[in-house]
Amino acid sequence: MIDFNKTIKNEFHLVLFIVILVQLILGFQGVDVCDDGFVLTFYQQIYNNPSCVEYNFVYWFSGVIGGVWYELYPDGGIIWFKFFTVIINTLIFISGYHIFKQFLPKRIAVLGLLVALFVNDFGFLIYYHNHLTALLAVLSVFFLLKGLIENHGLSIVISGCILGINVFTRIPNITLFIFILAIPFYYFINEGLLKKAIKPMIQYALGILIGFVIIVSLLLILDQFNIMQNAILSLFDLGAKEDSTHNISGLLKTYLLNYKHLIGIVGQFSIIIISFFAIYNSLKNILWLRNILLFVCFFYAFLWFKEEDVFTVYTMAYVGTLFVLFTKHSAKIKTLAFLGVLMLTFLPMGSGIAIRSSGYMCIWLSVPFFFHFFSNLKEMSINWKYNGLDKNIILLEKSFKIFILFISIAFFSAKALNVSRQAYFDVGSRLEKTHIIESELAKGVFTTERRAEIINDLLINLEKHVKPNDYLLAYDKIPLIHFLTKTKPYMYNPWIWIYDGYSFEQKIKKAETEIPVLPIVVLQKFETIGEFSRPMNDYMDETKEESFLYNKKRTTVMNSFLERNEYEIIWSNSYFNMYRTNKK
């Protein structure tokens, strides 16, 4: 039996080496043309042509960091940023470890952080604003706890400063200002005196203000302040219509639906927990039956982790932190758990699909508490009465340790299976990902034969008509094409699908007014979100029903743009049309 309270010399360093190695191995496979293309184009253009990625400025600070990484090795391409993802993920892992090792057994801390790291069973996205959000949030908590525990005002100011900067990594990160509540929480449960919290709260607010001043200064130095203003105003356009998923009501509805789904997941997890302990502790004398039923329970847990994505770990995170908050623990541990709950609850707000898309960045301060709770449970007795039947079940201390192994093995087995079958938005066995994209910026990264052929066919024909720094309109879910061809997005955003119909119409009018040239247009005729679909003859049909992937207004606006600017097809295949204007 593993002793979770002990560690061997250099154990953490060995785990860290494995963590880095696994990420590196996974990084060499998978080409996503959507999310990855969206951010890569941002990093490529933020210092060269920042106005052409205006929309991306709502994630400005992540672009500043990504742009520096790009400039260090402009020809590094996709793989260069996959290496950067490994660095950021590893820094989050190390930072989380240094927080938790102060309060929890080191093995428990490492196990919880490993679950948080590998929750994404498609491998890893390229360095993204969510990665930087998580890193800065964890660092902010590190300094906040240090300031509270050691009564060190400068650490509290630094914590607030990091949080202020983090708002410009992703605008909805402003919800993390709720962290300030941890200050009165700590003083109340530690000393019962709220008045002592006033000074550190002022220091925290001062830190946030300093963070804002730093960002504004950088924007002015880089001459990007006006672009940032336009990006913020664009958010109002994006949520201007009632049917938009980006207005306040749409975001709130998505958030609440996520929590409705989470409640169902909690119910499923309760079945797993109750079944495990009932089987393990009540069938000690019938081992063959116990083993069969435990296997069935394990298979159910395996499927649960396999099918329910980040919601499973979110459930574990809530269970752990809430149990710590409502059981006997020190003020320091409870404050960390309180911060974990705040991060779980408020950070997903403002995200287009809430927990489902951004949940993986919210769990770093919570998951270790789940394993901590079960590792600390002692033998207990449960008396169960039903219809005159009086049953007493003794839950052995050993069963809690075995449950930790049970859940961990089910989790890592499910994630290993899933990751072997896909990379992010690049489905298919990794054994089939042996083909390359014919671009210097895609070297070293392998994908499936079909995906490589589709992208290569477009790139070969596109290079006849565009060159680096030309404007290109890539409609509507193929932003990676901008990065691979080093072209500027005509629509102030490389991923047009993000716009709803109204905001797309506003941006296309703005582009026609401000940009003196009409660009080459590449128009896809198949879906690229999730996986590459088969060609769709009705892709630009204006009579289809609205869906997550299809917006009628956006389609109508695009067709109108092509018509009024006298565009004609200059190249076509089953998957793409390429257009050039005849308008003089």
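The values are calculated or read from the model by the stated rules, or taken from the named source; none is laboratory data. Note that the structure is a prediction, hence the values are computed from the model and not measured. Reconstructed Cβ throughout: ideal geometry from the backbone, glycine too, with neighbour counts over all protein chains shown. These accessible areas exclude ligands, DNA and RNA; they are computed on the full protein's heavy atoms, side chains included. Shrake-Rupley method; radii C 1.70, N 1.55, O 1.52, S 1.80 Å.
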Probe 1.4 Å, heavy atoms of protein chains only: per residue, the accessible area of the stretch 358-478 in Å² is 44 Å²
Once Lys and Arg get +1 and Asp and Glu get -1 on their Cβ, which of PHE185, GLN45, TRP364 lies farthest toward the positive end of the dipole of the chain?
PHE185
Ignoring any ligand, DNA or RNA, what whole percent of the accessible area of the chain comes from carbon and sulfur when the probe is 1.4 angstrom?
63 percent
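Only Cα pairs under 8 Å and at least 6 apart count here; give the relative contact order of the stretch 1-137 as a rounded whole percent. Walk me through the numbers on the way to the answer.
Details: 109 pairs, mean separation 48.1, N = 137.
Rounded, it is 35 percent for the stretch 1-137.
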Long-range amide H partners of TYR567 with built H, under 5 Å:
ASN582
Beta bridges per DSSP with both ends in the chain, % antiparallel, nearest 5:
75 percent
Structure-based [θ]222 nm, the chain - -39500 (n - 2.57) summed over DSSP H runs of at least 4, per residue, nearest 500:
-19000 deg cm²/dmol
Which value, in debye to the nearest 20, gives the size of the charge dipole of the stretch 435-581 about its Cα centre, when Lys and Arg are +1 and Asp and Glu are -1 at the Cβ?
320 debye
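Which value, in Å², gives the accessible area per residue of the stretch 6-125 when a 1.4 Å probe is used on the protein heavy atoms?
Values: 3980 Å² over 120 residues.
The answer is 33 Å² per residue.
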For GLU191, what accessible area in Å² do you get when you roll a 1.4 Å probe over the heavy atoms of the protein chains, rounding to the nearest 10?
80 Å²
Any chance you could check the Cα centroid distance between the stretch 2-30 and the stretch 413-428 for me, in angstrom?
20 Å
First select every other residue whose beta carbon is under 14 angstrom from the beta carbon of GLN102; then total the charges, Lys and Arg +1, Asp and Glu -1.
+4
Considering amide H positions built from the backbone, and no H for Pro or chain starts, which residues 5 or more places from VAL427, or on another chain, come under 5 Å of its amide H?
PHE532
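Note down the magnitude of the dipole of the chain about its Cα centre, charges +1 on Lys and Arg C-beta and -1 on Asp and Glu C-beta and zero elsewhere, to the nearest 20 debye. It would help to have the intermediate numbers written out before the result.
Working: 51 positive and 45 negative charges, 431 e Å.
That gives a dipole near 2060 debye.
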Among LEU235, PRO172, THR345, the residue whose Cα sits farthest towards the positive end of the charge dipole of the chain, when +1 is placed on the Cβ of each Lys and Arg and -1 on the Cβ of each Asp and Glu, is THR345
Show which lysines lie in cross-link reach of LYS260 when reach means a straight Cα distance below 17 angstrom and same-chain residues fewer than eight apart are skipped.
none
Heads up, I need the accessible area for TYR502: 1.4 angstrom probe, whole protein in place, Å², nearest 10.
70 Å²
Show which lysines lie in cross-link reach of LYS552 when reach means a straight Cα distance below 20 angstrom and same-chain residues fewer than eight apart are skipped.
LYS241, LYS477, LYS507, LYS509, LYS525, LYS544
Kirkwood Rh, the chain, all Cα pairs: how many Å?
25.8 Å
Just want the answer: with Cβ charges of +1 for Lys and Arg and -1 for Asp and Glu, which residue in LEU135, LEU473, LEU405 is farthest toward the dipole's positive end in the chain?
LEU405
Separation of alpha-carbon centers, the stretch 501-515 and the stretch 254-291, rounded to whole Å
52 Å
Could you please state, rounded to a whole Å, how far the C-alpha centre of the stretch 330-380 is from the C-alpha centre of the stretch 174-226?
21 Å
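Cα convex hull of the stretch 435-581: how many Å³ per residue?
Working: hull volume 15.7 nm³, N = 147.
Spread over its residues, the Cα hull of the stretch 435-581 gives 107 Å³ apiece.
Checking the table LYS106/LYS284; LYS6/LYS401; LYS106/LYS306; LYS106/LYS378; LYS106/LYS328 against a 22 Å threshold on Cα-Cα, which pairs fail? Don't jump to the answer; show the numbers that get you there.
Numbers: LYS106/LYS284 32 Å; LYS6/LYS401 14 Å; LYS106/LYS306 27 Å; LYS106/LYS378 20 Å; LYS106/LYS328 20 Å.
Those over the limit are LYS106/LYS284; LYS106/LYS306.
Using a 1.4 angstrom probe with every protein chain in place, what is the largest-first accessible-area order of THR327, THR335?
THR327, THR335
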